[in-house]
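Below: one structure, written as structure tokens.
The values are calculated or read from the model by the stated rules, or taken from the named source; none is laboratory data. Quantities reported herein were computed from a predicted structural model and do not represent experimental measurements. Neighbour counts run over all protein chains shown; Cβ positions are idealised from the backbone, glycine included. Surface areas here come from the heavy atoms of the whole protein model, side chains and all, with no ligands, DNA or RNA. Shrake-Rupley method; radii C 1.70, N 1.55, O 1.52, S 1.80 Å.
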Amino acid sequence: MLIKRRQFLTTCGLATLATQISPFTAQGKLSPNTIRKPPRLQVGDTIGLIAPAGIVDAKDIEAAQQSISQLRLKVKQGAHILDRYGYLAGKDADRADDLNLMFSDRSIKAIIAMRGGWGCNRILPLLNYSLIRSHPKIIIGYSDITTLLLAINARSQMITFHGPVATSTWNQFTVDYFKRILFNGEVVTMQNLNPSEVRVEIIAPGKARGKLVGGNLSVLSAMVGSPYLPSWNKSILFVEEVGEDVYRIDRMLTQLKTAGILNQIAGFIFGQCTNCSLGDEPSFTLMQVLQDHILPLRIPAWYGSMIGHIKDKFTLPIGVEVEIDADVGIIRMLEAAVNLV
């Protein structure tokens, strides 16, 4: 009986281990812990436009349609894209419905937010994360859209994309990264276009590997303590900000530190702090604040990447393994972010 019992336990142990290693369950279905990559974009695909945050004008939609049509893509608007509810683009339930319907609509191949602002955090409990996972699609944006990107990555275990919104400047730099990553499925190395204009400032030298995670700093800070954030273990954290005094950057980084997030990461990138000021005197510089928080972590880190409220933007795949080099400010993808099949 003892031998049989040991054989039974050994067999069970091997079966459990096999389940942990394999991306599939015993029923042949994809494991809920396996990250999903959305299908790549192709010429002629239809893009869903939504307004999950701030108010959108008809002229903004017209301009966005022109920009997207130049990518040889079609456009389908969310039903509530022109709604208004105070400073929001419609009521929470309606904005959430637009997003859920875009994922369930088989004619839609990718979803682009019209703009940021504020409001995405309010609709997180109303999203159907199981539906989203079962219909993986590209979803892209930045600023307040950070909320959706992180929540869907965490709850639906799907790669999401920090990049232009529909009202962004779709210049050659931005379009090039957008196409290479989302159309071609390339494994891209991201480096500043003109180092003399956007200078890399090294916080701590070195290289690191990890899962790329991040977004707007104030939006990320507002999500701390919620069930909508991904794992930070050995991740590469990128952040950006706009219009904040240095003391507020200090406050938000302190929040990430006291929440235990900074102590888990393997690397750190601060993209751009656009229109950020010192505030009232006396003050630290932004670099002094970054050094205070990041240097004790002994991880590679730098300031000055093409991420944020700027015209030239990288398309950053959240949840993809990357390698960074803080000495030269490079983000190197180690795998494709979309499914080419």
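Using the structure shown, decide if N263 is in a helix (DSSP H, G or I) and polar (S, T, N, Q). First the steps, then the outcome.
On the way: in a helix (DSSP H, G or I): yes; polar (S, T, N, Q): yes.
The answer is yes for N263.
Just one residue in the set I181, I203 is in contact (Cβ under 8 Å) with a residue 24 or more places away in the chain and over 21 Å from G141 (Cα atoms); that residue is I203.
Among the strands (runs of 3 or more DSSP E) lying completely within segment 149-230, list those that include at least 1 residues that are charged (D, E, K, R). Steps first, please.
Numbers: elements: 160-162, 201-204, 207-216.
In segment 149-230, the matching strands (runs of 3 or more DSSP E) lie at 201-204, 207-216.
All told, L126 meets the bar of being over 20 Å from K37 (Cβ atoms) and open to solvent by 30 Å² or more (accessible area, probe 1.4 Å). Exactly one residue among G271, G308 is farther than 21 Å from G206 by Cα, touching an Asp or Glu at 6+ places or on another chain (Cβ under 8 Å) and either of a type outside the set (A, V, I, L, M) or part of a loop (DSSP other than H, G, I, E, B) (or both), and that residue is G308. For segment 133-148, filtered to residues that are surrounded by fewer than 24 Cβ atoms within 10 Å (Cβ to Cβ) and in a helix (DSSP H, G or I), the residue that is nearest to the chain's Cα centre (by Cα) is R133. On inspection, G214 does not qualify as under 27 Å from L126 (Cα atoms) and open to solvent by 50 Å² or more (accessible area, probe 1.4 Å). Inspect segment 317-333 for any residue being loosely packed, with under 14 Cβ neighbours inside 10 Å, β-branched (V, I, T) and in contact with a strand residue (DSSP E or B) (Cβ under 6 Å, 6 or more places away or on another chain) and give the result as yes or no. No; the residues of segment 317-333 include none that is loosely packed, with under 14 Cβ neighbours inside 10 Å, β-branched (V, I, T) and in contact with a strand residue (DSSP E or B) (Cβ under 6 Å, 6 or more places away or on another chain).
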